[in-house]
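These notes concern the structure reproduced below.
What follows draws every value from the coordinates through simple rules; no lab data is involved. Since we're looking at a predicted model, the values are computed, not measured. All Cβ positions, glycine included, derive from the backbone under ideal geometry; neighbour counts span all protein chains shown.
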Amino acid sequence: MPDDRLESLARGEYSTAEDRADAIAGAPGLLTLEEVQEATGVDRETLAAFWRSMGLPMPTEGERVLTPMDVDAIIASHEVVAYGVLGAQTETQLLRAVSHTAERLAWWQFESLVDDAAARYSLDAESARLVVLDKIADMADIFEEQMVYAWRSHLSRIIRRVGAAVSEIGPEGSAPTPEALPLQRAVGFADLVGYTAISAKLDVGELDLLVQAFTRECRDLVSRGGGRVVKELGDGIMFVTDEPVRASLIALDLAEQIGRDKTTPPARVGLVWGRVLGRFGDVFGPTVNLASRLTGLAAPGEVLVDASTADSLADQANMRLEAQGQAAVPGLGQVRPFRLMRA
């Protein structure tokens, strides 16, 4: 945001929500759809596809709501396809990924500021929102700096981690058959035992603290162990690693440490090493389904793996595997879990 607009905002010169939105967007609404089309040289159908991919409404004829920032983003998106840097389908996927993540992040930031205002100034929810509307544009540059820093840090970490995994186990491990899913990954789930019954007894504040404590500790343990949290599921998390030993150590840490300080219930963990399909920052396939099912079979503080994963860990001197009785798993048939423990 230009400094003069930020200063004007701080002086209270932007009194409406539209003014504040324009300030965050970098400039007031100046351009029409026709003017953006002329400035970018992009046809109307491509413009519509761009905004659709970004999850944004296409402006109507003659409406002055667009800015030079829109022009720059459209030109950049068009050029990576026109010059052959990326295929059109891939660029669409990346636009969707950025927009989905940014929308969720923006809501997360806004709601956090509302919670902060309500707590610090003893306000009801609507009054807290009004306070945040007055102040949030002041934070735009800080949020942007944090986002760029986090994105570059995570991308750098991904490059190092993938490079290390490839050099350690070869390009995606053993060569897959043409029918196999492309990536070898360890997929784990951890969830809180008895969450449904516990959450029914908690008020909103207590439930919020419980979920935050659980997800924070899970993210710390997974990150420290060299894994990645794929998603949070309220009472559970899903994580992946590039090889099984690291994943098994993370799984044991989760089972042993979640609930140890009594701030959260204990956790149970399911882990499977196998092939997956990676899309949208997520992973899919039977390996994922099996890991989820094993989690449901595990006892509090227990880690269960399947027979194939147990074989991949059999030579680890610091681990012990104990065969369990066969279990019928819906959609997957009979499965023989193994309990994973430290030796």
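Key figures
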quantity: Residue-by-residue Karplus 3J(HN,Hα) for the range 257-273, coefficients 6.51, -1.76, 1.60, Hz, glycine and proline x; calculated: 9, 5, x, 5, 8, 6, 6, 9, x, x, 10, 10, 9, x, 9, 9, 9
quantity: With 20 Å bins from 0: P(r) over the chain, alpha-carbon pairs, percent; calculated: 24, 47, 27, 2
quantity: Ranking of 280, 50, 143 by count of other Cβ atoms within 10 Å, fewest first; calculated: 280, 143, 50
quantity: Within a Gaussian network of the chain (alpha carbon springs, distance under 10 Å), most fluctuating of 161, 185, 52; calculated: 52
quantity: Rule-of-thumb Rg ratio for the range 172-342 [Cα; 2.2 N^0.38 Å; N residues]; calculated: 1.01
quantity: Inter-part distance where the range 69-127 and the range 198-214 are each reduced to a Cα centre, Å; calculated: 28 Å
quantity: Per-residue Cβ neighbour rank within 10 angstrom, fewest leading, 154, 78; calculated: 154, 78
quantity: For residue 268, residues with placed amide H under 5 Å, excluding near neighbours; calculated: 191, 193, 301
